[in-house]
1. All but one of (1) buried (at least 17 other Cβ atoms within 10 Å of the Cβ); (2) closer than 27 Å to residue 137 by Cα hold for residue 250; state the number of the condition that does not hold.
2. Would you mention how many residues in segment 92-110 are open to solvent by less than 50 Å² (accessible area, probe 1.4 Å) and touching a strand residue (DSSP E or B) at 6+ places or on another chain (Cβ under 7 Å)?
3. Can you run down the residue pairs with Cβ atoms below 9 Å, 6 or more apart or on separate chains, where the first is in segment 31-42 and in contact (Cβ under 8 Å) with a residue 40 or more places away in the chain and the partner is open to solvent by less than 30 Å² (accessible area, probe 1.4 Å)?
4. Considering only segment 112-121, state which residues are within 14 Å of residue 52 (Cβ to Cβ) and open to solvent by 50 Å² or more (accessible area, probe 1.4 Å).
5. Quick check on residue 93: is it under 30 Å from residue 193 (Cβ atoms) and among the β-branched types (Val, Ile, Thr)?
6. Return the total of residues in segment 58-95 being in a helix (DSSP H, G or I) and over 24 Å from residue 21 (Cα atoms).
7. Can you tell me how many residues within segment 11-36 are of a type in the set (Asp, Glu) and assigned to a loop (DSSP other than H, G, I, E, B)?
8. Can you find a residue that is closer than 30 Å to residue 104 by Cβ, touching a Gly at 6+ places or on another chain (Cβ under 8 Å) and crowded, with 16+ Cβ neighbours inside 10 Å anywhere in segment 46-62?
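The values are calculated or read from the model by the stated rules, or taken from the named source; none is laboratory data. Note that the structure is a prediction, hence the values are computed from the model and not measured. Every residue, glycine as well, gets a Cβ built from its backbone with ideal geometry; the counts of neighbours run over all protein chains shown. For accessibility, only protein heavy atoms count, side chains too; no ligands or nucleic acids. Shrake-Rupley method; radii C 1.70, N 1.55, O 1.52, S 1.80 Å.
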Amino acid sequence: PRFSPEPRLSSLACRELTFEEAAESKGNINLSLDEDLLERLAPNAARRLPMGQFALVLATTRVVGMECPGLHSLFNSLRLRFDHESMTASTLVYKVTKALKRYARLTLDVSSKGMTGELQTSFRPRPQGQESLDQIRERVGPDEFRSQRALVIGGSRGLGEVVAKVVSAGGGSVRLSYNLGRQDAERVAWELGNETRAVRLDVTNATDTEIAAVNNGFDATHVYYFGSPRISFDQSPNFNDVQFAEYSRFYVTGLVRLVRVLRSRDGAKMKVFFPSTSFIDAPVPGALEYIAAKAAGEAACRALALEPNAEFLVHRLPQLTTDQTMNILEVQGTDPVPLMLEVVQAMNVIQAHCP
């Protein structure tokens, strides 16, 4: 069939559901596709893929992003099965068949003429902003951290953002790194002022030269390491080697290379903070790969502490409320500022504390 053009996003109502509403969601949407635009933007795909199948795939993105979960959603995966009748489909039907609130995940069955399939999506709570620098200044002595030149790895959001603000509020100097969140990092750097710089660094893929360049002209005395991939807990009974390897690239390999490149060669001890997890002491279902990788990171810190010119503080953090950790709807975290203030205070005086 000749499809109607894709409606403009401004003309579509994006639903903002609670988890309970999303768990009961079902409905159908009409297929639509601007074939002329598709032929201009992706001519090879337009020639090789049936328009009906293309329209069905696009419709799944509208279901997740606009209908269920809607505004606060992540599209994790899809699995679709087509036959020749799918080329004449005109609507897509969807229904939520499984809802795991603890992990904020939904499974949707989708179907149409000549097509059946399944979508996996995560329901995200509303973004959780961090306290402003002015608010944090009310909790911190103005010269409390003046001796710190703090390099905050992953300082654009979450706990890294909180630590950057705590150090700055206490009179310290901050340089923060980011991987993908350039706008967030520049926003934090602008708020901190005092010549704070935001520098891009992928700790899993950077050369020694690129790592060293992050510290050029700054000479960090303290490193706060918040490099992390997206965390996802899985109920599968099998150990996920791929997921464990991804966590380990951040919590072990990236950490070790960063410390060995940055630590001083002149005898001064660089102080390094590694945030571990309280799940090591009290495991939760589905977190095995994450727990194992964090435990390996702790072991790496203990080994690195035996090498010259670096001290480590490892803290098994509880669930804290940040924009990066508000992904498990049943778990309400605590205010991260008091705990991060204690961490930064401890970094003034640490002598290799690793569990």
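1. (2)
2. 10
3. 31/3; 31/52; 31/55; 31/56; 31/59; 31/89; 31/92; 31/112
4. 113
5. no
6. 5
7. Total satisfying the criteria: 2.
8. Within segment 46-62, one or more residues are closer than 30 Å to residue 104 by Cβ, touching a Gly at 6+ places or on another chain (Cβ under 8 Å) and crowded, with 16+ Cβ neighbours inside 10 Å.
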